[in-house]
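Worksheet: one structure, shown below.
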């Protein structure tokens, strides 16, 4: 079997990106993720809002940077998994171009805590 039958040329079928940024508190994860978002938003010629699920209160300091780059952003302060699921629905329905979650860890810990309480 030759290579052309084994594999095909790499082509973009959508512009779905899943990225995770790790590091210690104050190391610049949110800022780095925002710089990534700005570059991708422009490169992909996005026009719809970014939905920011924020339980770290970090989105507030990003307002000037996002305004400067003309990126519309909506924010929801939450630690509920149900809100993440709803946000993913907005993404799937093409109502938003990006979903930014800061931090998913708090949502995970709350889910585990709630699960343990419910299933005692």
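No value in this document is a laboratory result; all are computed from the given coordinates. Since the model is a prediction, treat every value here as computed from it, not as a measurement. Neighbour counts are summed over all protein chains in view; Cβ atoms, including those assigned to glycine, are modelled from backbone coordinates with ideal geometry.
Descriptive notes on the structure:
- Residue match in the stretch 19-42 (condition: in contact with a helix residue (DSSP H, G or I) (Cβ under 8 Å, 6 or more places away or on another chain), over 22 Å from residue 111 (Cα atoms), in contact (Cβ under 8 Å) with a residue 12 or more places away in the chain and part of a loop (DSSP other than H, G, I, E, B)): no
- Candidates in the stretch 71-83 are the residues that are outside any loop (DSSP other than H, G, I, E, B) and in contact with a strand residue (DSSP E or B) (Cβ under 9 Å, 6 or more places away or on another chain); of these, the one that is farthest from residue 36 (Cα to Cα) is 83.
- Considered as a group, the residues in the stretch 84-107 that are closer than 10 Å to residue 50 by Cα and either in contact (Cβ under 8 Å) with a residue 60 or more places away in the chain or in a strand (DSSP E or B) (or both) include one that is farthest from the chain's Cα centre (by Cα), and that residue is 98.
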